[in-house]
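*Asks:* Dropping the structure in here first, questions after.
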Amino acid sequence: MKTVVITGSARGLGLEMAKVFRKNNLNVVISDLSEENLKKAKEELLTVEGKGEVFYQVCNVLKVTDIKRLIKVSQKMFQNIDIWINNAGVNQPERAIWELLEDEINLVLDVDLKGAIFGSKLVMKEMIKQKSGAIYNVEGYGSNDAKMLGLSIYGTSKRAITYFTEALANESAERNTGVIVGKLSPGIMITDFIKNALGNKEKINLSEKTKKVYNILGDYPDVVANFLVNGILTNQKNNAKIEWLTTRKAAWRFMTSSFNKRDFFKED
Ligand SMILES: NC(=O)c1ccc[n+]([C@@H]2O[C@H](COP(=O)([O-])OP(=O)(O)OC[C@H]3O[C@@H](n4cnc5c(N)ncnc54)[C@H](O)[C@@H]3O)[C@@H](O)[C@H]2O)c1
């Protein structure tokens, strides 16, 4: 039975991906900042039918010691780590670069970029010993070089994640490690992430224009998770990109937007 470990998976995309992996009978290790939230997430996961086991471990990706512990306890429980997903992330406050505080910039870069770099580095060594495994990093706004006021530091980290993931895939191939590395591109998801910056520390007030775009292009994370996990489970290629909101799909959504009745924000 295969094992998947996902960072930042007590809610949102991480938890929804964990549910789909469970449905596919993998052992699932969820991890996040709060034990209380992880306990609740585990209960939710156990309502999904699956033959694997569910385990949780607190892990703050800002701390290398936490990531090492997550790897160790996962190996102790299940021996091999077959799939590792660096999913933990925080959004930035909707302000221009020069209006952000030093701590705010550091947090976004440390969680979104360095968290994934250290997660990849540490698990790669273990997967090399196993001679197999797959590492996935989550792209986001900026990965494709798009720019928007209020998303520049987040975009910087996601643009770098794209480069980093491709570079890691390249090194893995050069060294013939047997480990595959890939990117997950989830598009726009209606999660707490789009409404809160810095991990719930600051509210983001979405403009009506932004809400309109999100209603056209956005999806709930369970829909996206289903697509991404099916892609992960069938992918055998190194340097793959598993992309939910392709340019074609986005164009189609805009073309048919007059028929779109979705309103994700009616309760706000
Ligand atoms: N929501 C979107 O529209 C969107 C779009 C593209 C990419 N993404 C990316 O998808 C991933 C998941 O986002 P989501 O929408 O599910 O967000 P979310 O806020 O619902 O979930 C993120 C999780 O990461 C955890 N986290 C934050 N800091 C952490 C830390 N230091 N250590 C460990 N865990 C930490 C949070 O506690 C939370 O459970 C992120 O990498 C995000 O950048 C999101």
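The values are calculated or read from the model by the stated rules, or taken from the named source; none is laboratory data. These figures come from a predicted structure and were not determined experimentally. For neighbour counting, all protein chains shown are included, and Cβ atoms are generated from backbone atoms with ideal geometry for every residue, glycine included.
*Asks:* Hey, can you tell me all the residues within segment 10-32 that are assigned to a loop (DSSP other than H, G, I, E, B) and in contact with an Asp or Glu (Cβ under 6 Å, 6 or more places away or on another chain)?
*Replies:* Ala10
*Asks:* Of the conditions (1) of a type outside the set (Phe, Trp, Tyr); (2) touching a residue at least 12 places away in the same chain (Cβ under 8 Å); (3) within 14 Å of the ligand (Cβ to nearest atom), Asp103 satisfies every one except a single condition; which number is it?
*Replies:* Only one criterion is unmet by Asp103, namely (2).
*Asks:* Just for segment 36-46: of the residues that are in contact with a strand residue (DSSP E or B) (Cβ under 7 Å, 6 or more places away or on another chain) and closer than 14 Å to Glu16 by Cβ, which one is nearest to the ligand (Cβ to nearest atom)?
*Replies:* Ala41
*Asks:* Is it fair to say Lys209 is more than 17 Å from the chain's Cα centre (by Cα), within 11 Å of the ligand (Cβ to nearest atom) and modelled with pLDDT under 95?
*Replies:* Here the answer is no, as Lys209 does not meet what is asked.
*Asks:* Among the residues of segment 79-90, is any in contact with a Phe, Trp or Tyr (Cβ under 6 Å, 6 or more places away or on another chain), more than 16 Å from the ligand (Cβ to nearest atom) and within 22 Å of Phe21 (Cα to Cα)?
*Replies:* The answer is no; no qualifying residue exists.
*Asks:* Of everything in segment 106-117, what is away from the ligand (no atom under 11 Å from the Cβ) and in contact (Cβ under 8 Å) with a residue 12 or more places away in the chain? Give them in sequence order.
*Replies:* Answer for segment 106-117, where residues must be away from the ligand (no atom under 11 Å from the Cβ) and in contact (Cβ under 8 Å) with a residue 12 or more places away in the chain: Leu109, Ile117.
*Asks:* Of the residues in segment 123-144, how many are within 15 Å of the ligand (Cβ to nearest atom) and either surrounded by fewer than 16 Cβ atoms within 10 Å (Cβ to Cβ) or within 18 Å of Val90 (Cα to Cα) (or both)?
*Replies:* 9
*Asks:* Which residues, counting only those in segment 1-35, are more than 7 Å from the ligand (Cβ to nearest atom), of a type in the set (A, V, I, L, M) and closer than 21 Å to Lys72 by Cβ?
*Replies:* The answer is Met1, Val4, Val5, Ile6, Ala18, Leu26, Val28, Val29, Ile30.
*Asks:* Going residue by residue through segment 155-172, is there one that turns out to be over 17 Å from the mean Cα position of the chain (by Cα) and not in a helix (DSSP H, G or I)?
*Replies:* No, because not a single residue in segment 155-172 is over 17 Å from the mean Cα position of the chain (by Cα) and not in a helix (DSSP H, G or I).
*Asks:* What residue, among those in segment 56-72 that are more than 16 Å from Ile135 (Cα to Cα) and touching a residue at least 24 places away in the same chain (Cβ under 8 Å), is surrounded by the fewest Cβ atoms within 10 Å (Cβ to Cβ)?
*Replies:* Val64
*Asks:* Let me ask something else about it. Is it true that some residue in segment 176-186 is in contact with a Gly (Cβ under 7 Å, 6 or more places away or on another chain) and either surrounded by 18 or more Cβ atoms within 10 Å (Cβ to Cβ) or among the hydroxyl-bearing types (Ser, Thr, Tyr) (or both)?
*Replies:* Within segment 176-186 (the criterion being in contact with a Gly (Cβ under 7 Å, 6 or more places away or on another chain) and either surrounded by 18 or more Cβ atoms within 10 Å (Cβ to Cβ) or among the hydroxyl-bearing types (Ser, Thr, Tyr) (or both)), the answer is yes, since at least one residue qualifies.
*Asks:* Looking at Lys147, is it of a type outside the set (A, V, I, L, M, F, W, C), surrounded by fewer than 20 Cβ atoms within 10 Å (Cβ to Cβ), more than 9 Å from the ligand (Cβ to nearest atom) and more than 15 Å from the chain's Cα centre (by Cα)?
*Replies:* yes
*Asks:* Then there's this: Within the bounds of segment 47-67, is there any residue that is within 14 Å of the ligand (Cβ to nearest atom), at pLDDT 95 or above, of a type in the set (Phe, Trp, Tyr) and in a strand (DSSP E or B)?
*Replies:* Yes, there is a match, as at least one residue in segment 47-67 is within 14 Å of the ligand (Cβ to nearest atom), at pLDDT 95 or above, of a type in the set (Phe, Trp, Tyr) and in a strand (DSSP E or B).
*Asks:* If you don't mind, there's one more thing I want to ask. Out of Thr156, Thr191, Thr165, report the one residue that is within 9 Å of the ligand (Cβ to nearest atom) and on the phi < 0 side of the Ramachandran plot.
*Replies:* Thr191
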